[in-house]
Amino acid sequence: MANTTDNKELVVTGIPSAKVKAIAERVALEFQLAADKVAAHHAEPGKYPMPSDAKSTEQILARRFRTLPEAQQKQAADRIAVELRGGAARTKRLGDLAKVDLKSSSGVDEQVRKTPLPARMKFPVEELQRMSDALVGPLTAQEVASAAAFPELRNLELRIHRVKCVDETSEIGKDEIDLGGTSVDEDGDTKKVSAFRVRSFSTGSVQTYSPPRRFTHFSLTEQSKVTFPKTYFVTLVPAEVDWGGLADFLNELLDKVKAKVAAALAAAIGGAIGSPGGPLGIAIGVAVGFVVGLVFDYLKGLWGDEVFKPITVSTTISSLTSRFPGGQDNSTDRTLDFKGHGGHYQLTYDWRMYN
């Protein structure tokens, strides 16, 4: 059917706003500093004291750090000892956050809260709308009118079609793969997607779900301050079972990242953000996935913690009567590549509207 309103979907790989990206990169630096302190504390606990708050960034990362082999922990401590002697290069990389003192009993969170956001990183709230339009595009009156040709569909789900092991990881024996993650709805509410066992894999094996398996779902009609179009995010996290509670760690990490991103964006636009929906919700959803990716890259380099980096996908639903391209209630299948520990997995998914 011609001229129907098309829902849009994408894999979140970047941030189409230099200003929002700069905020996200600064948040990632906070986590890098906390990871530095965890590794330094392992070697010299008296010199680098940890904050006592179990919800602090250092303590969240420390719980992950303690699952690593002792030899890997020592290597991380040795690496950070060299990094901390980086002098001007380290100061340049950290920018205004270089003043955070890892030897202080005050945690990174507390010190950053007391560090004003540089004036050069602030921007008008309209920047969020520009970024939103760059991602999903504005909805025209013609598109709204043409969508009325379809009946209403009031729910949305993300479905898993198959998981393929292209190459198994370097773990001894077959890979036992779990799949979990998180979701963010139009209001910015984050929910855990409990991990489930996909199967035991060896190179070339495939788990096919027929019918496709629901990974998570959303109500398109729940009470919300956000009007259509509405944007939803899902972060997918496959993990080898022997990798030690990765799903729980990621859930804690995502909650902390979201809180820091929201606070940083509020500081950037110069005020309270209220309900984190609409363009702000989109900015948070895009930035959270971006920051988590940077954090995982850093942990791989510093700690040697090589796991599958989470991937965030998104869809924007134009209305209850809109459809995906071609007038379909489901999107085209997409395949994601996850690589880590010498392994390579491919996951195929789609979005579907339904009643």
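The values are calculated or read from the model by the stated rules, or taken from the named source; none is laboratory data. Fair warning: this is a prediction, and the values are worked out from it, not measured in the lab. Note: ideal-geometry Cβ built from the backbone for every residue, glycine included; neighbour counts use all protein chains shown.
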Point to revise | Looking only at the stretch 102-117, and only at residues there that are among the aliphatic types (A, V, I, L, M) and either in a loop (DSSP other than H, G, I, E, B) or over 25 Å from the mean Cα position of the chain (by Cα) (or both), the one that is farthest from ALA268 (Cα to Cα) | key: LEU102
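Residues are listed down the side, and each one gets a yes or a no for (1) surrounded by 19 or more Cβ atoms within 10 Å (Cβ to Cβ); (2) in contact (Cβ under 8 Å) with a residue 60 or more places away in the chain:
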| residue | (1), (2) |
| --- | --- |
| LYS92 | no, no |
| GLN111 | no, no |
| PHE123 | yes, yes |
| ALA134 | no, yes |
Check your understanding: Can you name the residue in the stretch 168-199 that is of a type in the set (A, V, I, L, M) and farther than 24 Å from VAL286 by Cα and, of all such residues, is surrounded by the most Cβ atoms within 10 Å (Cβ to Cβ)?
Key -> ILE177
**Study point:** Condition check for LYS192: among the basic types (Lys, Arg) and closer than 24 Å to ALA134 by Cβ
**Key:** no
Check your understanding: Tell me, which residue of the stretch 1-30 that is closer than 18 Å to GLU127 by Cα, not in a helix (DSSP H, G or I) and not β-branched (Val, Ile, Thr) is modelled with the lowest pLDDT?
Key -> GLY14
Review point. What are the residues in the stretch 52-70 that are in a helix (DSSP H, G or I) and farther than 21 Å from PHE296 by Cβ, if any?
Key: GLU70
Point to revise | Residue in the stretch 279-290 that is farther than 23 Å from ILE160 by Cα and either touching a His at 6+ places or on another chain (Cβ under 6 Å) or among the basic types (Lys, Arg) (or both) present | key: no
Practice item. Consider only pairs whose beta carbons are under 8 Å apart and that are at least six residues apart or on different chains; among these, list those whose first residue lies in the stretch 214-235 and is free of Cβ contacts under 8 Å to residues at least 24 places away in the same chain and whose second residue is assigned to a strand (DSSP E or B) and of a type in the set (A, V, I, L, M, F, W, C). Key: none
Practice item. Among residues belonging to the stretch 1-51 that are in contact with a helix residue (DSSP H, G or I) (Cβ under 6 Å, 6 or more places away or on another chain) and of a type in the set (D, E, K, R), point out the one that is farthest from PHE296 (Cα to Cα). Key: LYS8
